[in-house]
Structure formats: C-alpha cells, structure tokens
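In what follows, a structure is listed as structure tokens, so that the remarks can point back to it.
The values are calculated or read from the model by the stated rules, or taken from the named source; none is laboratory data. Bear in mind the structure is a predicted one, so any value in this text is a computation, not a measurement. FYI the Cβ positions are ideal-geometry reconstructions off the backbone, even for glycines, and counts take in every protein chain you see. Quick note on the areas: whole protein, heavy atoms, side chains included, nothing else; ligands and nucleic acids left out. Shrake-Rupley method; radii C 1.70, N 1.55, O 1.52, S 1.80 Å.
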Amino acid sequence: MSTLHVFPSPAAGRRTLAGIEGVVPASWLGVRPQPETIPTGIPQVDKLTGGVPRGGLTEIFGPASSGRTSLLLALMAQATAREEVCALVDASDAFDPHSAAAAGVDLQRVLWVRCGEVSRFKCHVSRGRLETRNVKRETPRVEQALRAADLLLQAGGFGLVVMDLGDIPPAIARRVPLASWFRFRRAVENTATALVVVEQEASAKSCASLVLKTKRSAISTQQSATQQSASTQQSAKTRIVPTHTRLLCGMQLEIEVLNSRMLQRKPVRLATTSFESRASWVG
C-alpha cells in the first residue's frame, strides 16, 4: 500500500498555523494581566505593592520587632473583613488572639493551627502482658508547619493561608528544601488563595511572587502616669528620668520590596515605604 504525502506551500502553512486555536503570532501577545490582590490595610504599603497577590506566595521577613506581625495582622483584618476564612499555621505557638482582635481581625473566621509536642503511644510486652504508655516526642515544628500548610492548600476554600516561621531560627528555616516551596507555589497558583510566609530571612527565593523586607527605623515612648506625677513634684534641674518607667507607644517601620512579579519591569531602585504602628492603648 502506498501513502500519499501532501506538502502545503509556505503561504498555506502560515494560514493553517494562524488558524490553530490557542496559537497566535508573537506580535499579537498582550501584556499579562495583573493578578487579583488582597489589600494589606496600610495605605503606604498598598500604594507601593498593590496588595498581596492571590494565587502566589508572598514572603514577609525581617528581624524581631521590625513590623512583621503588624503587617500580618493588618492583612488578616482585611481578609476577614471581606468575609473570607483565614488559616494561620503557627510554628512557634506565638500568636496572640487578643492583639489580633485589637487589630480588627475577626477571630470567628480564623483557623489557628498550633504546632508543638505530639503524643505517641508506645506498646511493649512486659511479663506476658501488653502495656501501652504515652510517649511525647518533639516533632520538628517546621515539619509540622509544612505538613499543615500543604493540607490546607490542598483542601482549598481559604482566602488567606499564613505560615508563621518568625520565631524559627534562620539556620533551621534554611533547611526547608526548595522542592517544598515549589510544591506550595504549584498548589496555590490558579486559585483565589494567597499564601503568606513570615520569616526572619527569605527562604523561598524564586518561588515567591512578592518579597517584602521589614525594618524598624525608630521607636516612640512616653512617661508612665506614675513618673509624670512624680516629675511635677521635682524641679527641672534635679529631675532624673529612669528608662525603665517609659512606655512604648509605637514604632516607625519601613517596608522594602525586594522582588515582585506583579511589576512588568524591575524597578531601577529598591521600592521602599514607611508607616507607623502605634499601641492600642495610645489615644
């Protein structure tokens, strides 16, 4: 049996290629649409970043008292205000519900996953009898957090999933394999969920769609009521101001964008903004 091969002309080939569904010339490719975002609730940060992208991984990192938690609570407050359910994987069991409620977070819409000791039952035979005892084994908290975040992303239905590794030493956080971050990126993309990771140092590298670095630039304090009353009874020349009687009122914080896939072009200079975080009891 003979086979007849038909070779179309180049012009016919171009017409056929242009007619294939989903295949367009490179000159017809448009600009990639911007992803949907969740506003952080801080105008300065939203103006700089546009919010936290859905369907992507966002890293917020910085040292202690640098504004990581303030930014996180503001983001959770915005998500719960939109009647979305948030999941918080707390690797160090450091989440404070009272502070979250004061920041405007609706705790009824927050799933709090606390990582800690895991009980295991160990069985052994003693004198012909089977005995069972409860043995507590300290499973690595990072491992627990990774497993919990993976299950939450696979389950779906959350507007915001947060994995808080802020109190985990950077040396331990760096041991998380890059394959885990790629897995999270693949699990969250093309979904309406925003995945946020809070750390001391950035670890996700190229897997992150947005990387924010926090830094404290200044702090503001004021005298306590006891010190103020005592100061009025002393002259200005003999007044001694003990440092331990001053109360923290707020902090001046800076946010720096190190990487953002939402920008069509990388900025020539690092994008930075600042905002003030004040204590709830300050009028």
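Scan around T37 for amide H atoms under 5 Å from its own, H built in the peptide plane at 1.01 Å from N, and keep only partners 5 or more places away or cross-chain.
When sequence neighbours closer than 5 places are left aside, the close amide H contacts are R54.
Pull up all non-local amide H partners of V197: gap of 5 or more, or a different chain, and H-to-H distance under 5 Å with H placed in the peptide plane.
T58, E59, I60, M163
At R0 = 22 Å, how high is the FRET efficiency between A192 and A81 if r is their beta carbon distance? Nearest 0.05 is fine.
Details: r = 16 Å, r/R0 = 0.74.
Efficiency at R0 = 22 Å is approximately 0.85.
Ranked from the most accessible area to the least, with a 1.4 Å probe and all protein chains present, what is the order of M76, M251?
So, going from the largest accessible area down, we get M251, M76.
Ignoring everything but the protein chains, give the 1.4 Å probe accessible area of R246 in square angstrom, nearest 10.
90
Using a 1.4 angstrom probe on the protein heavy atoms only, could you order R183, R141 from most to least accessible area?
Working: R183 125, R141 80 Å².
Order by accessible area, largest first: R183, R141.
Can you give me the relative contact order of the range 163-224 as a percent, contacts being Cα pairs under 8 Å and 6 or more apart?
The value is 45 percent.
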